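Undergrad: Got a structure for you, questions after.
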Amino acid sequence: MKTEVLLRSIGRINDELIADAESEANTKRKPGWAKLGTMVACLALVLCTGIATHAIRSNATAGTFTMDVNPSVEYTIAKSGIVKNVRCLNSDAENALSDVALGKQSVETALTRTVAAYEACGYMENGEATVLISFDSRLDANAELKASLSAEIRNALEQTDAVGTLVFHSELTENAEAAKIAEEFHVSLGRADWILTAANKTGLPTDEIARMSLDELLKFQEVSGIASVSVSKFISLEEAKKIALKDAKLDELTQKIVFTREELSRNQGKPCYLLEFYTGTNQYFYQIDAKSGSIIYAGKFITLSEAKKIALDDAGCKDKVSFTEETLVPMQKHSGHTALMRCWVSFWRKSRKRPPQRKSTLQISSLWKKQRRFP
């Protein structure tokens, strides 16, 4: 009986039933591939979300710092250390920076461009400008970022020829009165804090102190003993000249000294004064560290007139001559010499007969007291 039932059931299987069974089997297998695709999509979404979150956090505001010269400007800093945007605090800054792109730049680039714009407008001249950098309380609380920004600011400003004094100031507490002064006089909170503190200590009117230049205000702060001011200052040109003259054992009161070069150089990344001067008997060249006042290099050489005489004697020229170049230039080591030497290079031409046919280059080293002629 069971055999007959089974045979009747088998007999009912046709091609349509077989096709339906295969379709159902395929439908059951598809969810495996669908699950894999869903997992890949979810993983990609998580990665994209993580990257976006990191970018958002990096671009989040970490705080602000301001730079006061006479123009005052505020830089908003992202957590990544990049300048997000800039706000001019007074009309001087607006006029100088209206066409300058400062946002989405490194701090060094933004400050370099700011200083260049200020120089073009005449706000920073003669390499003696005082710059006040004020950190807000958020940056002040972030020691790592503050240290990084301070180094970047210092490096950027030291590479310019405009800054003589750099002052860092921290806004340690929120002060409604200082904020009011900042708004009234269009200055940074750091400068407003100086104005307020000085006014409280001396009793002078706030508006009188606010009219002081930043240089005057800094001196006033120093004599008043006001704290939280850190100064990184270059020695003055006059101080550098005194250091050089003292080392050369020269006295301006007893002998004539003529300076032919007085330059503050930052070309090698280390600010120094380049000084050239002469007396009746010698020529001098000095490099003085602009921060410490230490002597980087000192040279003592014969005078130009003596070098010209030696050159003419060496060339055997007794006719009247006209010198076309008279320059004290650096020389590399030569003939085993290992010290840096300098020489007078003199070119001349005879005033009679034929055009110039000859030149003479003399190296004079006070170290060996020798005179050598090179071809």
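Values in this text are rule-based calculations from the coordinates and carry no lab data. Being a predicted model, the structure only gives us computed values, none of them experimental. Glycine gets a Cβ as well: all are built from the backbone with ideal geometry, and neighbour counts include every protein chain shown.
Undergrad: Determine the alpha carbon to alpha carbon distance for each of Lys104/Lys180; Lys79/Lys291; Lys180/Lys201; Lys242/Lys270 and list only those over 27 Å. Let's see the in-between values first.
TA: On the way: Lys104/Lys180 30 Å; Lys79/Lys291 32 Å; Lys180/Lys201 18 Å; Lys242/Lys270 20 Å.
Correct reply: Lys104/Lys180; Lys79/Lys291.
Undergrad: I've got another one for you. Report ³J(HN,Hα) in whole Hz for each residue of the range 239-249, in order, from the Karplus equation J = 6.51 cos²θ - 1.76 cosθ + 1.60 where θ = phi - 60°; Gly and Pro get x.
TA: Once θ is set to phi - 60°, the couplings for the range 239-249 become 5, 5, 5, 5, 4, 5, 5, 5, 5, 7, 6 Hz.
Undergrad: Show me, for the range 201-209, the HN-Hα J-couplings you get by feeding each phi into the Karplus relation (A = 6.51, B = -1.76, C = 1.60, θ = phi - 60°), rounded to Hz, glycine and proline as x.
TA: So the J values, rounded to whole Hz, are 7, 9, x, 6, x, 4, 5, 5, 5.
Undergrad: So if R0 is 45 Å, what FRET efficiency would Glu94 and Asp319 give, r being the distance between their Cβ atoms, rounded to the nearest 0.05? Don't jump to the answer; show the numbers that get you there.
TA: On the way: r = 65 Å, r/R0 = 1.45.
According to the calculation, E is roughly 0.10.
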